[in-house]
Amino acid sequence: MSDFDTSLPEAPMGCGCAQCLSGTGAPSGASSISSDYMESSTTTTSEANSLKTAYKWGTTSLDFIFLTSVPGYYSSTDTERTNFQEFTTQMKNAARDVLTQLEGFTNLTFNEVTNVANSDITFGQARLPTSAGAWAYYPQTAYGKGGDVWTNNYYSATKTPVQGNYGFYTLLHEVGHALGLEHSFTAGLTGDENTTMYTVMAYDWSPYYASTYMIYDIYALQSLYGANMSHEAGDTVYVLNATKGYTIWDAGGNDTFDASAQSSDVTINLNDGELSSVGLSRNIGIAINAIIENATGGAGNDTLIGNDVANVLTGNTGNDIFIGSDGNDQIDGGAGTDLMVYDLDIANFAFNVIDADTIEILDLSGTYAQDTVTGVENFEFNDTLFSFDDLVTASESGVSFASHVGVRFLNSMGRWVSIDSIQEGVETYTLSDLRMRGDDDLLTITRNPGSVEDDIDISVNSLFSSSLRSIKFQDLGTLDIISVSDIRQGIIIDEKATQDLSVALDNVFFTVIKTGSGSDTIDITNILTEADKSVHKIFTNDGDDTLTLSMDSDFAALVTKLGNGNDVLDASNFGGQFIKAFGDDGDDHLIGGDSADKLFGGNGNDTLEGGLGNDFLFDRDGLNNLLQGGDGDDRVFGNGTLEGGNGNDLLKSYGADTTLNGGNGDDKIFGHNGNDILNGGLGSDFLYGGRGNDIFVFDDLDNADFVKDFNAGQDSIDISTFLYAFDPLTDAITDFVHITTVGRSTFLQVDVNGSGGQLEPFLDIAQINGLRNVDIQELYDNGQLITTGVGLAP
């Protein structure tokens, strides 16, 4: 076939990843391109680790080769033999660049060889299907194709790779597969975590092709092959590139992000695992566990965000914003009218004036340590604005700002109003008390006798609930019980709290809650219409926490990240748009609602219940998890016991001995390397055991299942449900069970009456690959045909 190049189609071609779906090594069809955008949660290592498959190289020293011909382990009919071509010089240099990047942030080393027999990773071109730009094979030393990378020479874009274009991104992506990473969308990532902002294993590139491995890729590959702790270990200045998307791994030293050459506005976030915007939107990442100490802005109105170490933040010209952070920071606003932002009340701070431009700010609570601020004109403390002169006056006269006791309200005029509640009993506040017109009673604050600092109940007059937009609690002190009703938004943030906190919110439609190290209880109950919007973001810390949500709306959403401890999320009465919940250390119990939920376990033996809707459940860290999809077409991935429930479900084990029960519906069930038990339940199911001594269980006479990989030398078949009439002492097993081959298909058949098909015909219960030429009596004698159990007569 003659070779010809063509430009890319209007829609980018997919990556047809070999081995992603086929255990034989035959490439799958091109995967569809995901466009599942929604607001993403905070970067988490569990989401990064979800990119890892069960495949990895057993060494960190790998050999690679640029093929000059198709290796002999490819058959004559393999696609890779169609119009084979060697990589061009430009392609070879780009591939070497990719491998050099990997050596920079992992402990991998790559050695170029000339003998394919000695190679781990190979590179070649061929005429692949037009739906695929390239494909690669996962690492497998016992399988010839493992680690092979192929690009499609049908497309000209794959032949001209340079950093920032499709061809280079394709090499990053396929080498990621060759090292053991899977697609972001099959790993369960959504939103912008399912784009090249976070991983080159995504199909969505918005708005750029990544030039390097990104935040999630680097963490996942480092967890597989170790982190290179000598890379950029000195003091490094990174001059930021406004035209590319890339991520920095830095192992040490005192380092600087420099955007001084930029004339447009930039946002620099020095926190690891976060993205900065320089020229493009969120295009420069800092790898997880990398520390960059300093940031320099340019000529625009920049935003500079520090991290937990001592930072030097320099604004240069423009009206810049500096976000306070941990560590003893040095802030230089430069020219322009600048703003320094802290999210604590000003009562938490002390001030020391150095000169007419410089002031030292000491956080008495210990959150922000001590900052030295020069050339900044305005300061914001917990949403309250102060000028530099205000702080000078406070410092010189000894003025102490009023303490807000963590209770602030946003009224309908857009003004924050603080109320200092220090009296026992009931206090009533009017509209005018909250800086609005009128003398009608607006809200009641109740402090229980004998617990002035511990118990607070805030109730808003429902007639005027629209007059208040938000309530905010910060620095909870010794409060341990908070009750709030009939206000639109509730914000409760005190990650330093150590007491057991009880929060009850009634008809609070929007919440942001971050708790401390106590064992907290959070109960949110809303009376909603179908059109009401309700969004809740809840983040717990250490302690055994319990979250309960009750509401029903087409536009309700929940995002929660549970901390360490044996936590419980009960959203069984939550009907809405989606739930996205993450467990952590401890034995957690997550219960989804009516929506299409995404539930992620963590370390520990967790229980995940999807409930109604098409849910995604993922937990492969514990060995004794219980994952139950419930109703809907669910995806259930993990270890322990996986149950699909009603619907056409996908179940997938991740290596340990796993029990997989499909339930009702036409399910697809995949075991892995352990000794798995696979039961499709009702419906026509697809069963794939994988390695190990697996047991295939059948209990549906109305529908025949399909077994992909029965191994007569080690696997077993459980048909005990059907053999309630079988007496092993007097009956012949062949009167109850038959193996029948029709053409290329082999079927397992049963006669529940044991008449040898005389009273009623044998019924097909499964088509089983690997059962051809197997003697049923021999299978029974070997104990691989399980006939005793709790059989139930139909």
Legend entry - Potential lengthening between T130 and D775 on full extension [0.36 nm per residue; Cα-Cα distance subtracted]: 227.7 nm
Legend entry - FRET E, pair S483, D235, Förster distance 45 Å, beta-carbon r, rounded to 0.05: 0.30
Inset, instruction - May I ask what percent, to the nearest 5, of DSSP beta bridges between residues of the chain are antiparallel? - result: 25
Legend entry - Percent antiparallel among DSSP beta bridges (both partners in segment 229-397, rounded to 5): 35
Legend entry - Translational diffusion of segment 593-679, µm² s⁻¹ [Kirkwood Rh, Cα pairs; Stokes-Einstein; 10 °C; 1.306 mPa s]: 133
Legend entry - Two-site FRET efficiency, S263 against N165, from Cβ-Cβ distance with R₀ of 35 Å, rounded to 0.05: 0.85
Inset, instruction - Determine the sum of side-chain charges near N111: Lys and Arg each +1, Asp and Glu each -1, restricted to other residues whose C-beta is under 14 angstrom from that of N111. - result: -3
Legend entry - Distance histogram in 10 Å bins (all Cα pairs of segment 229-397, percent per bin): 11, 40, 33, 14, 2, 0
Legend entry - Overall form of segment 689-781 per C-alpha gyration tensor (a/c, 1.5; a/b vs b/c): prolate
Legend entry - Distance (nanometres) between label positions extended 7 Å along Cα→Cβ at D390 and D735: 9.4
Inset, instruction - Find how much the distance from N703 to Q90 grows on full extension, using 0.36 nm per residue of separation minus their present alpha carbon separation; answer in nm with one decimal. - result: 215.2 nm
Legend entry - Rounded to 5, percent antiparallel among DSSP beta bridges of segment 45-182: 30
Legend entry - Dimensionless Rg/Rh of segment 625-667 - Kirkwood Rh, Rg from C-alpha atoms: 0.94
Legend entry - Alpha-carbon Rg with Dmax, taken over the chain, Å: 31.0, 105
Legend entry - Structure-based [θ]222 nm, the chain - -39500 (n - 2.57) summed over DSSP H runs of at least 4, per residue, nearest 500: -2500 deg cm²/dmol
Inset, instruction - Jot down the per residue volume, in cubic angstrom and as a whole number, of the convex hull over the alpha-carbon atoms of segment 219-275. - result: 93
Inset, instruction - Using Cα pairs closer than 8 Å and at least 6 residues apart in sequence, work out the relative contact order for the chain, in percent. - result: 4
Inset, instruction - Please report the base-10 log of the normalised intensity I(q)/I(0) for segment 37-172, using a Debye sum with one equal scatterer per alpha carbon and no solvent, at each q in 0.22 (1/Å). - result: -1.48
Legend entry - Pairwise Cα inverse-distance average, inverted: Kirkwood Rh of segment 197-326 (Å): 14.8
Legend entry - Distance (nanometres) between label positions extended 7 Å along Cα→Cβ at K496 and S156: 6.2
Legend entry - Pairwise Lys count, segment 45-182 - Cα closer than 23 Å, eight or more residues apart or different chains: 5
Inset, instruction - Note down the nm distance, to one decimal, between modelled labels 7 Å out along Cα→Cβ at T444 and at D355. - result: 5.9
Legend entry - Highest-first arrangement of 359-365, 308-314, 179-185, 547-553, where packing means the average Cβ count within 10 Å: 179-185, 547-553, 308-314, 359-365
Inset, instruction - At 0.36 nm per residue, minus the direct Cα-Cα distance, what do N624 and T788 gain on full extension? Give it in nm, one decimal, please. - result: 56.5 nm
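Rule-based calculations on the coordinates, nothing more; no lab input. Computed from a predicted model, the values in this text were never measured in an experiment. As a convention, Cβ positions derive from the backbone with ideal geometry for all residues, glycine included, and neighbour counts pool all protein chains shown.
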